[in-house]
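These notes concern the structure reproduced below.
Coordinate-derived values only; no laboratory data. This one's a predicted model, so the numbers in the text were calculated from it and none came from an experiment. In this analysis, Cβ positions are derived from the backbone assuming ideal geometry, glycine residues included, and neighbour counts consider all displayed protein chains.
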Ligand SMILES: Cc1ncc(C[n+]2csc(CCOP(=O)(O)OP(=O)(O)O)c2C)c(N)n1
Ligand SMILES: [Mg+2]
């Protein structure tokens, strides 16, 4: 059964990482539902947050293929209940439509949205939440004339206690394992 | 050819700036590249020049005493030759090409090395950095093009980055599961000056080839092995890559477990050994395929359950428990769900496993393999290797070469029936003795690979078995053989067909031979044009004599052997069939 997974991928800041990741997903015919790139809490480490819909078996396989990439530090796969996540949306709506009948206050309040800018022609409304909530607000605004709508990729934070830093430290130790082995390989 | 005067001038030049290799003098990026390669122990490069890489080629003249450059006749040839060099020497294969078409001509060779886990460093030149992205003359996005088929790739636009990037390239290519790495160097970076200092790379934060040993898993494996009743070892290329042939043999001999090998695992275990179960897969031996589905325990070592080995996955070894020893974690549970995974290097694992396993023998289980061998011999091998009449068979030729060389030669193959026949009928005695294109099945691999194999191991006899089709895919490399007088022994198994495809048309397409019959040139005459002596062999009576002639000649030699036109390679696991449904007979 296909379900939604959030992949948090930590990598070095190497050009082409995103390309390498999408190659893996493309080969397995997996669509990216959303994607966000940003710096992580560890300096110099990039964080990609991808949302994909696939089977648990397949997400495990592609995660391993991603982790195998030379510049990828660590890949975490989470189902939606293992993370805290948000998406942000902006709506541009005609002022004329919204002002008629004083709907605006009601809509903004009930959806925990806020107004960013008002001009005689349009209003910009911002909403942070899950995809379904954002879609709901869009539905509500539609009758009043939505000029533009945009939703961001997901940003997610894991509930697990072990942080990237401790993984990095562990990897470091394991990695310092046997440099002399490399030496001898290079020699013969 | 250089005149004496030129050589003298070069010598002078070389002594003038006699390089203190690791000083911090100012050199060009091209210099730095070549010095970095020397620091990594490189002495042979395969390649082809062009505009963007000219600064590097110019500097090659200054390092002629340390770096030998082999000019192939096509970049694909350079890539295959460098791969074969790596396969027989254990050193990474190095390949140069210019930007644009030079770089794209490498792709088949890179992909081939990627699928077969060969340590290689490809250096491509790129247009000057200010032109990148403008569709400049001979600019291709080779990073983008090669990304799906390299272990890692990187572009260098500043000369000062060259030493560190090259160090990183070698580290990545040669450690863990090896693979090809491509470094794209802009022309301006080749000319720019830097102060050269070299430090080998031994550590990358994001890449960890040294996996801590999971001793608990090894103990569990020992228990499973000690309790097994019909265990079978599947040995793959990983055994050869990690240099674990001795450990494999010791492990098998102590436990008494029969050893089957994959195509690239051939020669990791002596084929004359009493525990040798044979070659696995679509055209492998009868016993190991059939009995895979009878084993109660499968110990897979350094192999990846490729579809040519497993046949129909739904009917593959369902009865067996499976232990998978594999350095690439992404291969574990990819195709076959295993019961115990040991994610580590084959040699490391085997050497820890050997003391924990008990001494045992499996008389009746091993006898089952021998019975299958007998069946296969009676139904297939006998008529294939020792026919009394009719046209010459491929198996017959390979069997004779095996006898005449005592099994001690590096066998290079192309792809198709010739490849399967060579893998089946040569009796390998030494490790790293089969150079073949496994994962990609690249026609045209054989001829250039034979060049690399000979240069990589000049002390061994190199015999290449090549089909009449595949030979014509890289036939231009005869020029390289002429140029460097490379004493390779070329045997064209000439059936006048794209034989393997014709076999499938015969078996699965109602014998409709669409575009598989070949109109061939006279190969011996062509070879003569390249000053390579050769004989056309038409009759069985001339066969042995010609093979002896070929093997004892000092230089390169070519035999064009006329083979039974419509011979089929058997046994066969037909597409979609299970390993236990392996066919011995096929009557068209
Ligand atoms: C580059 C490439 N193109 C096509 C194929 C498909 N193919 C596999 S075997 C084969 C026939 C090979 O014919 P030949 O070289 O004469 O060898 P034979 O099978 O007759 O021994 C073909 C076309 C391939 N493996 N590689
Ligand atoms: Mg042929």
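For the segment A:19-25, counting C-beta atoms of other chains within 10 Å of every residue's C-beta and taking the mean gives 2. For chain A, a Gaussian network of Cα nodes joined below 10 Å ranks A:104, A:17, A:35 by mean-square fluctuation, and the top entry is A:104.
Which residues among the stretch B:558-584 fall inside the zone where the amide N is under 19 Å from a point 7 Å beyond the Cα of residue B:511, along Cα→Cβ? So the set is B:564-570. Neighbouring Cβ atoms from other chains, within 10 Å of the Cβ of residues in B:327-334, number 4 on average. Based on the alpha-carbon gyration tensor of the stretch B:215-368 and its eigenvalue square roots a ≥ b ≥ c, which shape applies: rounded if a/c is under 1.5, prolate if not and a/b is larger than b/c, or oblate? Here the stretch B:215-368 falls in the rounded category. Among B:85, B:207, sorting on how many other beta-carbon atoms sit within 10 Å of each Cβ, with the fewest leading, yields B:207, B:85. A viscosity of 1.002 mPa s and a temperature of 20 °C, combined with the Kirkwood radius over Cα pairs in Stokes-Einstein, give a translational diffusion coefficient for the protein assembly as shown of 74 µm²/s.
Listed by Cβ neighbour count within 10 Å, with the fewest neighbours leading, A:116, B:71, B:194 appear as A:116, B:71, B:194. For the pair the stretch B:334-378 / the stretch B:207-251, the C-alpha centres are spaced 9 Å from each other. Taking a point 7 angstrom from the Cα of residue B:361 along the C-beta vector, which residues in the stretch B:264-299 have backbone N less than 18 Å away? B:273-277, by backbone N distance to the label point.
Each Cα pair under 8 Å and six or more residues apart adds its separation to the average, and for chain B the resulting relative contact order is 13 percent. As a calculated quantity, the FRET efficiency between residue B:522 and residue B:131 at R0 = 45 Å, using C-beta atoms, amounts to about 0.45.
Here is the P(r) of the stretch B:157-259: all C-alpha pair distances, binned every 10 Å from 0, give 12, 28, 24, 16, 12, 8, 1 in whole percents. Computed over chain A, the per-residue total of -39500 (n - 2.57) for DSSP H runs of n ≥ 4 gives a 222 nm mean residue ellipticity of -10500 deg cm²/dmol, rounded to 500. Report the FRET efficiency, 1/(1 + (r/R0)^6), for residue B:379 and residue B:539, where r is their Cβ-Cβ distance and R0 is 30 Å, rounded to 0.05. For R0 = 30 Å, the calculated efficiency reads 0.70. Neighbour counts of other Cβ atoms within 10 Å put B:365, B:504 in the fewest-to-most order B:504, B:365. Compared with the direct C-alpha span, the chain from residue A:19 to residue A:117 gains 31.6 nm at full extension, assuming 0.36 nm per residue. Taking 0.36 nm per residue of separation and subtracting the current Cα-Cα distance, fully stretching the chain between residue B:388 and residue B:403 would add 3.6 nm.
Along each principal axis, taking the top coordinate minus the bottom one, the Cα set of chain A gives 82, 36, 30 Å in descending order. Each stretch of four or more DSSP H residues adds -39500 (n - 2.57); spread over every residue of chain B, this sum gives -10500 deg cm²/dmol at 222 nm.
For the protein assembly as shown, the share of DSSP beta bridges that are antiparallel, to the nearest 5, is 45%. Counting Cβ atoms of other protein chains within 10 Å of each residue's Cβ and taking the mean over peptide A:67-73 gives 6.
Within the listed set A:49, A:26, A:158, the residue fluctuating most in the Gaussian network model of chain A (springs between alpha-carbon atoms under 10 angstrom) is A:26. Here the relative contact order of chain A, from alpha carbon pairs under 8 Å that lie six or more residues apart, stands at 24 percent. Semi-axes of the equivalent ellipsoid of chain B are 41, 31, 20 Å, computed as sqrt(5λ) over the eigenvalues of the C-alpha gyration tensor in descending order. Between the alpha-carbon centres of the stretch B:385-460 and the stretch B:63-97 there is a gap of 21 Å.
Its relative contact order, with pairs defined as Cα atoms under 8 Å and 6+ residues apart, puts the stretch B:170-320 at 21 percent.
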